[in-house]
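Data block below; observations after.
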Amino acid sequence: MLKNIDPLLNADVLHALRAMGHGDELIISDAHFPSDSIARHTSIGKLLRIDASADRVAQAILSVMPLDSFVPDPALRMEVVDDPTQIPEVQQDVQALLDAPLQLAPIERHAFYERARRAYCVITTSDTRSYGCFIFKKGVLNPTQTNRHPA
């Protein structure tokens, strides 16, 4: 166990989050998403897993990973097929984790799949709620967020 690190963040996920650079994207997916086959196309080429709800996983990731402040939409949600304005409960739960005024931007389902294949990694969850699929773009820490240790 580590101090001040969410216990959901296992070694594989922490390694991926640390290895990601500014502008790299990660996918959080629900249990229905074709996670394994898409993860094989990502930068790390293997599926990562956290057995928890999508919003709880997003909370853990956002506790250590800044979102990109240089792009208009650093956090995206998969649109509901045939009803892109619908915001399912799981998406509302993740939206509540984001600092205002940041909003989850919608992305069409097939466009989501294509973008996911180019992501740094896919983290699948055990969430069975539909449309619990998100893209987060990694940002940089500002100087006040940087952990500085004496030399």
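The values are calculated or read from the model by the stated rules, or taken from the named source; none is laboratory data. No experiment lies behind these values; they were computed from the predicted model shown. So basically every Cβ, Gly included, is an ideal-geometry build from the backbone, and we count neighbours across all protein chains shown.
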| Residue check, Thr128 hydroxyl-bearing (Ser, Thr, Tyr) and either under 23 Å from Met20 (Cβ atoms) or surrounded by 13 or more Cβ atoms within 10 Å (Cβ to Cβ) (or both) | no
| query | Which numbered condition trips up Leu102, out of (1) in contact with a Pro (Cβ under 8 Å, 6 or more places away or on another chain); (2) touching a residue at least 60 places away in the same chain (Cβ under 8 Å); (3) surrounded by 14 or more Cβ atoms within 10 Å (Cβ to Cβ)? | reply | (2)
| Are any residues in the stretch 1-25 out of contact with any strand residue (DSSP E or B) (no Cβ under 8 Å at 6 or more places or on another chain), in a helix (DSSP H, G or I) and either among the hydrophobic types (A, V, I, L, M, F, W, C) or modelled with pLDDT under 95 (or both), and if so, which ones? | Ala11, Leu14, Ala19
| Filter pass, Arg49 being touching a residue at least 12 places away in the same chain (Cβ under 8 Å) and in contact with a Cys (Cβ under 8 Å, 6 or more places away or on another chain) | no
| Hey, any hits in the stretch 28-35 for a residue that's closer than 25 Å to Gln91 by Cβ, at pLDDT 95 or above, β-branched (Val, Ile, Thr) and in contact with a Lys or Arg (Cβ under 9 Å, 6 or more places away or on another chain)? | no
